[in-house]
Amino acid sequence: MALMAVLESDLRALSAEARRRYPAVKDAAEHAILKLRSLSCPTEIAHNEDILHIFLMACDVKSTKLSVIGLSCLQKLIAHNAVAPSAVKDILSTLKEHAEMTDESVQHKTLQTILVVFQSHLHPLEEENMAQALGICLRLLENSRSTDSVHSTAAATFRQAVALVFDSVAYVESLPSGRIDCSSYVSRTTTITDEISCSFSTSLSLCGNLVSGGSLKREVLSKVGNLGLRLLEDLTALAAGGSAIWLRVLSLQRTFALDILEFILSNYVAMFQNLVPYEQVLRHQICSLLMTSLRTNVELEGEAGEPMFRRLVLRAVANVIKMYSSLLTTETEVFLNMLVKVTHLDLPLWHRILVLEVLRGFCVEARTLGLLFWNFDMNPKNTNVVENMVKSLARVVSTIQMVPESSEDSLAAVAGMFSSKAKGIEWSMDIDAPNAAVLVASEAHSITLAIEGLLGVVYTVAALTDEAVEVGELDSPRCDADLFTEYTGKTAVLCISMVNSTWLTILDALSLILMRSQGEAIILEILKGYQAFTQACGVLRAVEPLNSFLASLCKFTINIPNEGEKKSILSPGPKKSEPPPDLRDSVVLTPKNVQALRTLFNVAHRLHNVLGPSWVLVLETLLSLDRAIHSPHASTQEVSTSVSRLAREASGQYSDFHILSSLNSQLFESSALMHVSAVKSLLSALRQLSSQCSSGYSQTLSQQIGGVAFSVEHMISILLNNLHRIEPLWDQVVSHILELADSSSQKVRNLALDALDQSICTILGSDQFLATKESQKQLSDSHGAEETEVGSFECTVVSPLSFLYMSNQNFDVRVSSLKILLHVLERHGEKLYYSWPCILKLLRAVADASEKDLVPLGFQSMRIIMNDGLSTIPPHCLDDCIEVTGAYSAQSKEINISLTAIGLLWTATDFIAKGLGEISDIDSIAEQNYSSGICEDVQDIRTTEVNEPVHMKKLIDYKMLLFSVFTILRNLAADERPEEMEAHRLDKEGKEK
């Protein structure tokens, strides 16, 4: 009913306007009002031609006011389905006539009515009607007498009409609905990582769905499909500068036609991939047009229009490559080779920038880049298009070193662009501005696009590698490196191939930019790329690229002045001040150095299980950092080296060093989370670093010793953090310590011996070792003196002391080995069990030593054993213990030691007597229990809560021990040394007192 009221109101307005000049229209309007009152719905209006006829009559008189009213009413009737389909031809004829009118309001109403027709049930299905409807829009678009407003409205109307036509084609042909948005022309405020798009596997399935479309490819089109095909062919002809036969348009702006073509290509992919006639137009006509346009310098629209036309051509080419590379293999290869060639031709800078934008778009889309590499670089029959693309981008980056005088300005502009992007500030290039500043900005723009393209390749490799890990084609870097297997998955093979093809080119370009740049934002972005690519190489087990990126990254971590810099510091002017002490240790960490170090720590943490031999590169850098941290002349860039370290710490400006020191410690503490094989690799790298430092001819003595100290310190740190699994790591550490103990440098020997002392005492005193030993002790007792695995390891921990004493010819080392043994016995003697034979054998050898100063050291250990340790020594070692004590009493180098040793033997007799008494008591209790009828024998007594000492005592043959003591004393009674020596000793002691 609302429609009826509106139409009646419009008819009254029409009657009033036509009253004077157009009586026939007035009479028809009044008749239509009466007729309208007899109708009740839009369907009845559609079946009554009088209502439509009056509005067409109003339009036919060509009066502006009547035409506007008539066209408005036509729109309402069509929108409410109140017009019969058979009337579409008359309506289009009326609209065509109104398109020739010069009044702007009429032209706007005409275009609005055309769009309503396309959106309604009157959507033209006949070729003639469709061509006429679209032709009306194009004529208004090309009419030179039309205003700019009409031109823009006509362009928008034609675009919407084209979209409605191809939407109809997709619906009728049962193609996948929806449009795919793959445009790479995103806001320049987004970061490269944000632009990495969908995954490779997803893209493969996506393309598979598009190709199949739920059915096989079809060669026969529906009636609507043929209409779309005719429209596509005419648009292609217009974009090529020709005329449209079907649309009856002689010419059209090529930029507009190309823009519409690009819109169709990017939004109706399934149509080209499923309908053979459309594919043929794409392959033979559209691709031919694009190839010609790429080669030809189009000037039909003047110099001002050429950049826009080039941009549209390149955008269309980009969409063809992104969406149809699998369908148009040859054409895609040609397009890519042409684009790469443009980057190093002598063309206007704006032209090269447009091409670089396209290449960058390919690189930041993981889907596109992965497919291109898979279809071309990995196919021996095709060109390595991705590799060539990467090389062309790297060539653009390298231009900064070709013109030294302008490179600094360009680098500053590049840094500014990255800084703007980091802050979310939009920036753009003004093509028309002619001044030198804009030239520098344009060069910087091209370099920025090239850098972003290379970073896009880096992040694509990283994203695809992560995807391969997620789907199980690659092992996680958290997995054990020893379990590595050959890669066979599609994504994994793609990733490793991309790395092998591009890593060297990418590394050269990124290292150049990182070396020359100073802006914080660009440095952070490049270092993020370093980290992403290095980690991907580690996951892929690509050793050479991994080592190369690590080595390059390490070069940016520490700045050590070279000889020329040192000389300039030493002689700044006529007044030569005293040079600061130890100038060679002066290190200034720039923000770039600090960020590079942070990146290195991130990589090491991420890849600690897979670095393997590459740990050496990391450790060499950490050694330099350690020297800087402990150097009194090291500073950050903002703080002068003349400021003392205490002042820097107090002012809070030394935080970078504290943070880096903490990160360094955390890295080695995290060894507790590594797989054993990874820890072994880290220890091997530390050993290699230590060997390099100890034999380094280019280093000062303090640097050599510092390097060894760094390696040994962190070896011990790793041991301390891996006490829960120390067994597989101990041999590797102690073998290097023993190697260093044989060094010609006293300081190195002292380092090694201190480390050995610390490590042995720490292991024997650890809760983990004690708990494991106690859990195995009963098993050992049940097998007599047979060693268990824990017992064997206890011997392995203590045996280096015996090895040092027996094999090392350096007197100081032998002395130190005995001092370490003394420390072990003082601190952890009661915890030892399996290693007593080794210890007693060593002390026995000391008693026979030719060096007089060694015997007292050995005897100190023996005194501790005899005075405090007899109760904890295994029963089978007590006889050896008494025999070693007897050896000290019989030695002839120190008479005092001999006499003291005799006293220790008497101490042993007290231990034996006490043991014999306790055994007698135990036997008495057993006899009493037996006589009382208690059915418990000696074996049962051993299993009570106090049975452990009892069990041990019952295993000791006290009578045999007593016999050994008396035998030794009998032999000493025949000692040939004169008694005067003893008298002399007692006399001397009396005087001292």
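Below is a table of values for the structure above.
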{"item": "Search result, residues across the stretch 564-607 that are basic (Lys, Arg), farther than 30 Å from VAL676 by Cα and modelled with pLDDT of 90 or more", "result": "LYS592"}
{"item": "Count of residues meeting criterion [closer than 22 Å to VAL358 by Cα, open to solvent by 30 Å² or more (accessible area, probe 1.4 Å) and either among the basic types (Lys, Arg) or touching a residue at least 60 places away in the same chain (Cβ under 8 Å) (or both)] in the stretch 387-415", "result": "3"}
{"item": "So LEU56, is it part of a helix (DSSP H, G or I), modelled with pLDDT under 80 and under 22 Å from LEU122 (Cβ atoms)", "result": "no"}
{"item": "Qualifying residue in the stretch 75-84 (condition: among the aliphatic types (A, V, I, L, M), farther than 17 Å from SER9 by Cα and open to solvent by 40 Å² or more (accessible area, probe 1.4 Å))", "result": "yes"}
{"item": "Residue that is surrounded by the fewest Cβ atoms within 10 Å (Cβ to Cβ) [pool: residues in the stretch 162-176 that are assigned to a helix (DSSP H, G or I) and in contact (Cβ under 8 Å) with a residue 60 or more places away in the chain]", "result": "ALA163"}
{"item": "Count of the stretch 23-46 residues which are open to solvent by less than 50 Å² (accessible area, probe 1.4 Å) and more than 22 Å from LEU122 (Cβ to Cβ)", "result": "5"}
{"item": "Residue list for the stretch 47-70, filter: of a type in the set (A, V, I, L, M, F, W, C) and either without any contact (Cβ under 8 Å) to a residue 12 or more places away in the chain or open to solvent by 20 Å² or more (accessible area, probe 1.4 Å) (or both)", "result": "LEU52, LEU56, MET57, VAL61, VAL68, ILE69"}
{"item": "Identity of the residue in the stretch 594-632, open to solvent by less than 20 Å² (accessible area, probe 1.4 Å) and of a type in the set (Gly, Ala, Ser), that ends up farthest from ILE558 (Cα to Cα)", "result": "GLY612"}
{"item": "Helices (runs of 4 or more DSSP H) (entirely within the stretch 85-161) containing at least 1 residues that are among the aromatic types (Phe, Trp, Tyr) and crowded, with 16+ Cβ neighbours inside 10 Å", "result": "104-119"}
{"item": "Test: residue in the stretch 851-868 that is part of a helix (DSSP H, G or I), within 18 Å of ARG970 (Cα to Cα) and among the acidic types (Asp, Glu)", "result": "no"}
{"item": "The stretch 696-718, subset in contact with a helix residue (DSSP H, G or I) (Cβ under 8 Å, 6 or more places away or on another chain) and hydroxyl-bearing (Ser, Thr, Tyr), residue surrounded by the fewest Cβ atoms within 10 Å (Cβ to Cβ)", "result": "THR700"}
{"item": "Test: residue in the stretch 523-537 that is modelled with pLDDT under 95, hydroxyl-bearing (Ser, Thr, Tyr) and touching a helix residue (DSSP H, G or I) at 6+ places or on another chain (Cβ under 6 Å)", "result": "no"}
{"item": "The listed residue being open to solvent by 10 Å² or more (accessible area, probe 1.4 Å) and in contact with an Asp or Glu (Cβ under 6 Å, 6 or more places away or on another chain), out of ASN337, ASN379, ASN384, ASN375", "result": "ASN384"}
{"item": "From SER9, SER15, SER40, residue being assigned to a loop (DSSP other than H, G, I, E, B) and either among the small types (Gly, Ala, Ser) or closer than 15 Å to LEU77 by Cβ (or both)", "result": "SER40"}
{"item": "Within the stretch 608-703, helices (runs of 4 or more DSSP H) holding 1 or more residues that are modelled with pLDDT of 90 or more, in contact with a Pro (Cβ under 7 Å, 6 or more places away or on another chain) and not small (Gly, Ala, Ser)", "result": "676-694"}
{"item": "LEU822, sole failed condition from (1) open to solvent by 50 Å² or more (accessible area, probe 1.4 Å); (2) out of contact with any Gly (no Cβ under 7 Å at 6 or more places or on another chain); (3) farther than 18 Å from THR907 by Cα", "result": "(1)"}
{"item": "Listing of helices (runs of 4 or more DSSP H) fully contained in the stretch 305-409 that carry 2 or more residues being more than 30 Å from ILE264 (Cα to Cα)", "result": "385-397"}
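The values are calculated or read from the model by the stated rules, or taken from the named source; none is laboratory data. If you're wondering where the values come from, they're calculated on a predicted model, not measured in any experiment. Heads up, the Cβs are rebuilt from the backbone with ideal geometry, glycines too, and the neighbour counts pull from every protein chain shown. Areas reflect the complete protein model, heavy atoms only, side chains present, ligands, DNA and RNA absent. Shrake-Rupley method; radii C 1.70, N 1.55, O 1.52, S 1.80 Å.
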